[in-house]
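Novice: Take this structure first; my questions come after.
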Amino acid sequence: MTQWIRFALGGRTGFGILENETIRVHGGDLFAQSRATGEVLALASVKVLTPTLPSKMVALVDNYHALVAKLNHAVPPEPLYFLKGNNSFLAQNETIRTPASYTGKVVYEGELGIVVGRRCARVSEDAAAACIFGYTCINDVTASEILNRDPGFAQWTRAKSFDTFGAFGPVIATGLDPAKLTVKTVLNGQERQNYPVSDMIFPPAKLISLISQDMTLEPGDVVACGTSVGVGSMKPGSSVSIIIDGIGTLSNRFE
């Protein structure tokens, strides 16, 4: 397993392999035969960035059997998804902020994220597996009281795309079996979510294949696989962490 991380230091940005508390810096293209430069940096000396700059984040709804059963929804015959605006993307240790235009509940949703490693359009499920570069942690933050406020139009884009509402990172982990992973969400030191990725209705390769029938996925794009039971609201001053063993911990403060 390898953990890739992006960083900023001294006016430059870069990427490399995270090993304990150091970064082995690489050059070239993260998704196309990057190479080690020989430079090694202390993790504590850099600012951690989102691990990729996606052209889009595709985010799933109702993709876990346990949540579908709890909500008494039908198991969807095809992936249900929306897009989160690029303005929403937020890195490790940055602050999630309530927008000035909204005073209602703000909800955390801990999720597994798929990071696309090569351009793919209309690919089979077998071919889709080779399009997956690795996996990351996601907090799909939601202004929950906006979602269904208008009876004639569900406002998924607005509720999910406020500035700072798309936290992901801190790394992309490669060489993992996603079916063996567990997603945990810890709010102010208390575990609120703990669910197995194996409960997913549409697993990663199938998701990539089906979404690619609709739209071309580019290297660095992220697919948020949806959440399961345990979603809840955050109060200002809260700290929230999404933990996936093997990938790491995505921590943010909410104000």
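The values are calculated or read from the model by the stated rules, or taken from the named source; none is laboratory data. Just so it is clear, the structure is predicted and the values come from calculations on it, not from any experiment. Glycine gets a Cβ as well: all are built from the backbone with ideal geometry, and neighbour counts include every protein chain shown. Side chains are part of the model used for accessible areas, which takes the heavy atoms of the whole protein and leaves out ligands, DNA and RNA. Shrake-Rupley method; radii C 1.70, N 1.55, O 1.52, S 1.80 Å.
Novice: Starting from residues that are of a type in the set (Gly, Ala, Ser) and touching a helix residue (DSSP H, G or I) at 6+ places or on another chain (Cβ under 6 Å), keep the ones in the range 196-213 and report whichever is farthest from Phe133 (Cα to Cα). Before the answer, list the steps.
Specialist: Going through the range 196-213, the residues of a type in the set (Gly, Ala, Ser) turn out to be 198, 205, 209, 212.
In the following step, the residues that additionally are touching a helix residue (DSSP H, G or I) at 6+ places or on another chain (Cβ under 6 Å) were identified as 198, 205, 209.
Numbers: Ser198: 19, Ala205: 11, Ser209: 14 Å.
Only one residue tops the list, namely Ser198.
Novice: May I pose another question? Just for the range 62-95: of the residues that are hydroxyl-bearing (Ser, Thr, Tyr) and farther than 30 Å from Val46 by Cβ, which one is farthest from the chain's Cα centre (by Cα)?
Specialist: Step by step, filter the range 62-95, then rank; the result is Tyr64.
Yes/no matrix, rows are residues, columns are (1) surrounded by 20 or more Cβ atoms within 10 Å (Cβ to Cβ); (2) under 15 Å from the mean Cα position of the chain (by Cα):
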position	(1), (2)
Pro196	no, no
Asp199	no, no
Phe202	yes, no
Ala205	yes, no
Ile208	yes, yes
Glu218	no, no
Ala224	yes, yes
Ser228	yes, yes
Val231	no, no
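Novice: Next question. Select from the range 73-125 the residues that are open to solvent by 20 Å² or more (accessible area, probe 1.4 Å) and polar (S, T, N, Q) and list them in ascending order.
Specialist: Result: Asn86, Asn87, Gln92, Asn93, Thr95, Thr98, Ser101, Thr103, Ser124.
Novice: While we're here: What is the one condition in (1) touching a Phe, Trp or Tyr at 6+ places or on another chain (Cβ under 6 Å); (2) modelled with pLDDT of 95 or more; (3) open to solvent by 20 Å² or more (accessible area, probe 1.4 Å) that Leu60 does not satisfy?
Specialist: (3)
Novice: Which one of these is of a type in the set (Ser, Thr, Tyr) and open to solvent by 60 Å² or more (accessible area, probe 1.4 Å): Thr142, Thr157, Thr164, Thr136?
Specialist: Answer to the check: Thr157.
Novice: Another one. Counting only residues that are open to solvent by 20 Å² or more (accessible area, probe 1.4 Å) and either of a type outside the set (A, V, I, L, M, F, W, C) or at pLDDT below 95 (or both), how many does the range 63-72 have?
Specialist: Qualifying residue count, the range 63-72: 3.
Novice: Here's something else I'd like to know. Would you confirm whether or not the range 167-180 contains a residue that is open to solvent by 60 Å² or more (accessible area, probe 1.4 Å), more than 14 Å from the chain's Cα centre (by Cα) and under 19 Å from Thr98 (Cβ atoms)?
Specialist: No, there is no match, as no residue in the range 167-180 is open to solvent by 60 Å² or more (accessible area, probe 1.4 Å), more than 14 Å from the chain's Cα centre (by Cα) and under 19 Å from Thr98 (Cβ atoms).
Novice: Still on this structure, I have one more. Condition first: β-branched (Val, Ile, Thr) and either out of contact with any Phe, Trp or Tyr (no Cβ under 9 Å at 6 or more places or on another chain) or open to solvent by 30 Å² or more (accessible area, probe 1.4 Å) (or both). Now tell me which residues in the range 1-51 satisfy that.
Specialist: Passing the criteria: Thr2, Thr13, Thr22, Thr37, Val40.
Novice: Can you tell me how many residues within the range 181-193 are of a type outside the set (A, V, I, L, M) and under 16 Å from the mean Cα position of the chain (by Cα)?
Specialist: Filtering the range 181-193 for residues of a type outside the set (A, V, I, L, M) gives 182, 184-185, 188-193.
Next, from what is left, pick out any that are under 16 Å from the mean Cα position of the chain (by Cα): 182, 184-185, 193.
The qualifying residues number 4.
Novice: Residues of the range 63-80 being among the polar types (S, T, N, Q) and within 25 Å of Ser212 (Cβ to Cβ), which ones?
Specialist: The one that is among the polar types (S, T, N, Q) and within 25 Å of Ser212 (Cβ to Cβ): Asn63.
Novice: Filter the range 1-33 down to the residues that are among the small types (Gly, Ala, Ser), closer than 21 Å to Arg119 by Cα and under 23 Å from the mean Cα position of the chain (by Cα) and list them by number.
Specialist: Filtering the range 1-33 down to residues among the small types (Gly, Ala, Ser) leaves 8, 10-11, 14, 16, 27-28, 32.
Filter again for closer than 21 Å to Arg119 by Cα, leaving 27-28, 32.
Hit for the range 1-33 is Ala32, nothing else.
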